[in-house]
Amino acid sequence: MRMRVLYLLSILLLSACGSPYRVGEPAPVESHGAPVGASRSGDVSDEPEIRAYRPPQQVAVIRTAPSSRAVRNLIARAAAQQKAGDYGGAQASLERALRIEPRNPRLWNRLAHLYLAQQAYGKAEQFAAKSNTLIRGNDALKMDNWDLIARARQAGGDPSGARRAREQARILQ
Amino acid sequence: MTRGAKSRRKPAARKKTTRRKTSTRRRRTTPRRGLRHALIGLAVLGLLLLGGYSLYLSHQVRVAFEGKRWAVPARVYARPLDLYEGAELSPQQLRYELQILGYRHVRRPAGSAQWSQAGSRFVIHTRAFRFWDGEQAPLKLRLSVSGGSVTSLTDARGRHLDIVRLEPAEIGSIYPAHREDRVLVRREDLPDHLVQALLAVEDRRFFEHHGVDPRGIARAMWANLRAGGVVEGGSTLTQQLVKNFILDSRRSLWRKLNEALMALIVESRYGKDEILEAYANEIFLGQDGERAIHGFGLAALFYFNRPLKELRLHETALLVSLVKGGSYYNPRRHPKRALKRRNLVLQQMQKLGFINAASARRAQAQPLGVTARGRLQQHRYPGFIQLVRRQLARDYRPEDLTSEGLQIFTTLDPWEQHVAARNVAAGLAAIEKSRRIQRGLLQAAMVIASPQGGEVRALIAGRRAGVSGFNRALDAQRPVGSLAKAAVYLAALSQPARYSLATLVDDKAVRLELPNGDRWAPQNFDHRVHGRVPLHQALTHSYNLATVNLGLSLGLDAVVDMLHRLGVQKPVKPYPSVLLGAVPLAPFEVTQVYQTIAAGGFRAPLHAIREVLDAHHQPLQRYPLEVRQTVDAKAVYLLTANLQEVVQQGTARGLARYLGASFDVAGKTGTTDDLRDSWFAGFGGDRVATVWVGRDDNKPTGLAGSSGALPIFGRVMKALGLKPLAPVPPAGIEYHWVEEGSGFLSAKGCKGALRLPFVAGSEPETRSACARKGGPGLLQRLFDL
């Protein structure tokens, strides 16, 4: 029950996040071209190496919601396919969406849910973990991933692993 | 099969001669009762033999009809192009995609498979296509392409479309050893004018006779006599089919008789439509290298790059004229001869009333219209197909692949393949010119994959695109040199309690005695020793000695284990030289290693296939996306930051020339002993790729990784529009200022301070003098402004 609420919450967040990202935040491409001056310090001419690393504020913010209509369309299609019991079709639609936005954590999360529904626990966990590494700042989605990992581990016969994952989810609450 | 039939026929031929001799003898001898009995016996035997022989032929016919007719090779398709607003696309790429699909460029599209362009606006009428997830009906698309992407996408009525895809281009077929290819057409798919053309010149009483047509033979002889050359053939379509099916092409009376007998058998067993369908799929219509072009379906693609049903009258007439001799009338080699023959076909069609004079005239006025080269020859990717074959071989038996008519949907991006092939060739030529290397001496291989999904998007097997042969991308096992350092540093960074990017490592001389008694004393590329250097600098400048010292203190097993976790499958012996890349790997395997890094430690097995459908378009197998975390994401993030530095300031600085000075990309160069192999592996936001440059005879090229493979990587990625990397720091990564020389914690604005990512808790504890003071003084800050 709690999971259902969480899932609902993440869906709500998904629909809520759509527009703010597109208007408010720079696209990855734009953020890249910015000068790396913020990481410089001291005597720049002596130490050219200090240009080496991008400061965190320059790292593009990953899209927490699918930005393109194409991807939204594919997500809807996948949901309909899953509802109709066509798991293969749903997978194919989500993978097609991932080819368009390969670093969209939401899509990896959807695939994780799809695998969980098919009792492919190992895959579900991997996809949720992958989703987690691509998230910046969306705690609800992270929480959902950890919760999903916990359920996958529990069902896959790893109760202690499941406990650890639940703990991670709780920290984010 | 032909050979088998030949050998079986020989004894029969002898029997025939014997029989004739017996009957001659009978007339000369006086009749005797015993002899009569013997003769009756012989006659019965003869009849029995004839019956048996007919049965044998009948069996042959059945086997041919029901077996070989369906030997359809597996068709291999590229990825379909997804179209949606925001999709990266240039008008140039779109034109290329449409061209390889065989769509016709017209002023105003009216039918399917046609397109037009006005500036940045395209109108495209697609073909219907059965994808693995359902049928896509023909679409009438309007799209605008500008600034490198699709800016609008609507249907003919202006309604917005979210996402559609073009059908995938066919990129090859996996056909049986005897190199016969087929695109099966059904009877109902045969255009009327094709059937009419066939009747007109090959067998006008086809629907009336029973397999053999004596009147047809007489008429053909007469017609040919009057025309002074071969205008019509005397063989019926059925006879021609039998000839193609079973018999060899030697001219002999016995063969003719056999042919006639079998034609009669075929006609008694099968209907006219079945015979026509078999004929249309069997007839030999040309040769494409070592591949025979059989049937009108394949011939339409081979000569016009369009499916049979899209051909117009003059094009169909040309195909029918090839029945007489695919090589003799080869329209690419003998255009005049082919044109003459085609017009003769049209004339015959008019004479028999199939077409009127005006249509005949119009069609005769058309040029031949064949494409410059056969489609599959022009757009064939033997290197990539080889990879597809190998991956399929895990799941299918060879005979299934070559007789079941499978449809195989792959990950190949034809545009990417095209751009990469062109730039690899041009890049090699440029290197040879500038370095005064004998032209054509260098070889190269390249693999491009999607970093997150592991889909192989392009594979360059060698310098000459489209030529099959040694597949360097898959099979050239060469030592990887410094590319292996990524595994050494990753193994170190996976132990944050011991190593961070700021940890000082010793770049000092190493002398080792190996178990076999050999001495090993590696050197730096510049033959200098650099003393204690920060770990990230050692990788950035590819210091060999620092790497060996680091690797030895980590333990060789840890490094070998890391190579395996990154995706190396073959066993690697834990010799110290492994630290400097004495591991022979193919470019494909290297790409797997760097894919795992590019994907933040999530290995996605490189694959070339997405879906397989059976001959009835039913999904047979999906190859879903697989990912598995094999390395800690935080360690990979640190390594990636270091590999970005390699490009910005280290051995791969040269990439700036192609991608711009501040372009965000990660990579590593590799060079082997005596400059035999030049490597580069790298990744941006949407592609991970490996380039190898060297010689097939493994002799030195004089090229380091930065002067051979790197410029080619740069050229290709520039042409493809690589996206910047912009990695996401995973949870548990913190940035701190450190002092370069000492490795102490520093502060923003302090002299020589550098901002580095750390696994939280692994940052240095000791603070530099400047940091202890709470940062740089006011004066210094002012100066820095």
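Each reported figure results from applying straightforward, stated rules to the coordinates on display, with no laboratory input. Just so we're clear, the structure is a prediction, and the values are computed from it rather than from any experiment. FYI the Cβ positions are ideal-geometry reconstructions off the backbone, even for glycines, and counts take in every protein chain you see.
Beta bridges per DSSP, both residues in chain B: antiparallel share near 90 percent. Quarter the surface of the alpha carbon convex hull of chain B and you get the mean projected area, 47.6 square nanometres. An ellipsoid equivalent to segment B:289-409, defined through the eigenvalues of its Cα gyration tensor, has semi-axes of 35, 15, 12 Å when rounded to whole angstrom and sorted largest first.
Other protein chain C-beta atoms within 10 Å of residue C-beta, averaged over A:92-103: 5. Annotation: lysines with alpha-carbon distance below 23 angstrom to B:K324 (same-chain offsets under eight excluded): B:K68, B:K243, B:K256, B:K272, B:K309, B:K336, B:K340, B:K351. Using only the C-alpha atoms, the convex hull of segment B:235-318 corresponds to 105 Å³ per residue.
State whether segment B:525-601 is rounded, prolate or oblate according to the following rule on the C-alpha gyration tensor (a ≥ b ≥ c being the square roots of its eigenvalues): a/c under 1.5 gives rounded; otherwise a/b larger than b/c gives prolate, and the remaining case gives oblate. Taking the square roots of the gyration eigenvalues as a ≥ b ≥ c, segment B:525-601 is prolate. Once you have a ≥ b ≥ c as the square roots of the Cα gyration tensor eigenvalues for segment B:376-470, tell me rounded if a/c is under 1.5, and otherwise prolate or oblate according to whether a/b is larger than b/c. Prolate, since a/c reaches 1.5 and a/b exceeds b/c. Taking Cβ atoms as reference points and 9 Å as the exclusive limit, the residues near A:R99 contribute a net charge of -2, counting Lys and Arg as +1 and Asp and Glu as -1. The label-point distance for B:D192 and B:A719, in a model that sets each label 7 Å from Cα toward Cβ, rounds to 4.8 nm.
Averaged over the residues of A:118-130, the number of partner chain Cβ atoms lying within 10 Å of the residue Cβ comes to 3. In units of the rule-of-thumb radius 2.2 N^0.38 Å, segment B:632-729 shows an alpha carbon radius of gyration of 1.08. Helix B:382-393 and the long axis of chain B differ in direction by around 90°, with both axes built from C-alpha atoms.
Look at the stretch B:717-726: the mean tally of other chain Cβ atoms within 10 Å of its residues' Cβ atoms is 3.
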